[in-house]
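**Student:** Below is the structure I would like to discuss, written out as structure tokens.
Nothing in this text is a laboratory measurement; each read-out follows from the coordinates by a stated rule. Just so we're clear, the structure is a prediction, and the values are computed from it rather than from any experiment. Note: ideal-geometry Cβ built from the backbone for every residue, glycine included; neighbour counts use all protein chains shown.
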Amino acid sequence: MVEPALLERRRQREERLARARAPGQGEQLHVRPHERVEGDDLLTVLGRRPLSVLAVGRAMARAHLALHQPAAPEDLPDLHDLLRERITGAATLPDDLRAPALALLDGLPRGDRICHGDLHPGNMLGTWADPVVIDWGDASRGDPTADVARSELLLQMGELPPGSPLVLRTLARIGRRVLTATYLAGYRRGRPLD
């Protein structure tokens, strides 16, 4: 059961993000926190049309570039602070790894861009030509490189949803590599990564 206070904080965060619409390369990033968006997510589209993997990777790169263009609202939580809380409170993280993880975090740059925190094809609805990004519960203010790194990990290691089509499960290994490479190449064309 999710606490009402947490739901309210997420709703408020989504409303702030809705005001931070960012024009991309000739298009607009769509943030619609309370509007029902019709259409399948791009992971479902990919399952039906595996050869669309390049188009999905490019769409994800365009969406992330558009998302990282404007400065984040000041009242979004700081990504460093959120990560510090997660590392400190991670019950399964051995103590001998906690201190080095926190030290690494302290050495990473802070940023002032909108970070989605969970961008992957399953959180993009519609078509690759005009996707709508959903699921803003982990949004924060931070360095775009951290947001891209998180998405890269999700693409490489994330589990497919239960009931994923056989074709998607079968082609997942090679498809993940192609999707990740296409996404990163598209993102790098618009913004360098360290």
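**Student:** I need the phi-derived Karplus couplings for the stretch 38-51: 6.51 cos²θ - 1.76 cosθ + 1.60, θ = phi - 60°, integer Hz, Gly and Pro marked x.
**Tutor:** Taking θ as phi minus 60°, the curve returns 7, x, 7, 6, 5, 5, 5, 4, 4, x, 7, 10, x, 6 Hz for the stretch 38-51.
**Student:** Okay, next question. Using 0.36 nm times the number of residues separating LEU153 and GLU85, minus their current alpha carbon distance, what extension gain do you get?
**Tutor:** 22.5 nm
**Student:** Right, here's the next one. In whole Hz and in residue order, list the ³J(HN,Hα) couplings for the stretch 97-104 that follow from phi through the Karplus curve 6.51 cos²θ - 1.76 cosθ + 1.60, θ = phi - 60°; x for Gly and Pro.
**Tutor:** 9, 4, 4, x, 5, 5, 5, 4
**Student:** Quick one: net charge around PRO165, please, counting Lys, Arg +1 and Asp, Glu -1 for every other residue with C-beta under 11 Å from its C-beta.
**Tutor:** +3
**Student:** Additional query: Please work out the Cα center distance from the stretch 133-194 to the stretch 102-125, rounded to the nearest Å.
**Tutor:** 12
**Student:** Between the DSSP loop rule and a limit of at most 16 other Cβ atoms within 10 Å, which trypsin sites (Lys or Arg not before Pro) in the stretch 52-146 are left?
**Tutor:** When the trypsin sites (Lys or Arg not before Pro) of the stretch 52-146 are filtered for loop state and at most 16 Cβ neighbours within 10 Å, ARG110 remain.
**Student:** Would you tally the net charge around LEU46, using a Cβ to Cβ cut-off of less than 13 Å, leaving LEU46 out, and scoring K and R as +1, D and E as -1?
**Tutor:** +3
**Student:** HN-Hα J couplings of the stretch 178-194 from phi, Karplus 6.51/-1.76/1.60, θ = phi - 60°, integer Hz, Gly and Pro as x?
**Tutor:** Using θ = phi - 60°, the values come out as 5, 4, 5, 5, 5, 4, 5, 5, x, 5, 5, 5, x, 7, x, 10, 7 Hz.
**Student:** With each pseudo-label sitting 7 Å past Cα toward Cβ, what's the LEU102-ASP130 distance in nm, one decimal?
**Tutor:** 4.9
**Student:** Summing Lys, Arg as +1 and Asp, Glu as -1, what charge do residues with Cβ under 14 Å from the Cβ of GLY111 carry, GLY111 excluded?
**Tutor:** -2
**Student:** Based on the alpha-carbon gyration tensor of the stretch 135-194, what equivalent-ellipsoid semi-axes (square roots of 5 times the eigenvalues) come out, in whole Å, largest first?
**Tutor:** Here the semi-axes work out to 24, 16, 8 Å.
**Student:** Next question. Please list, ordered by chain and number, the residues whose modelled amide H lies under 5 Å from the amide H of ASP112; skip anything fewer than 5 residues away on the same chain.
**Tutor:** Amide H neighbours of ASP112, under 5 Å, 5+ apart: GLY142.
**Student:** Of all the C-alpha pairs in the stretch 66-159, what % are more than 19 Å from each other?
**Tutor:** 47
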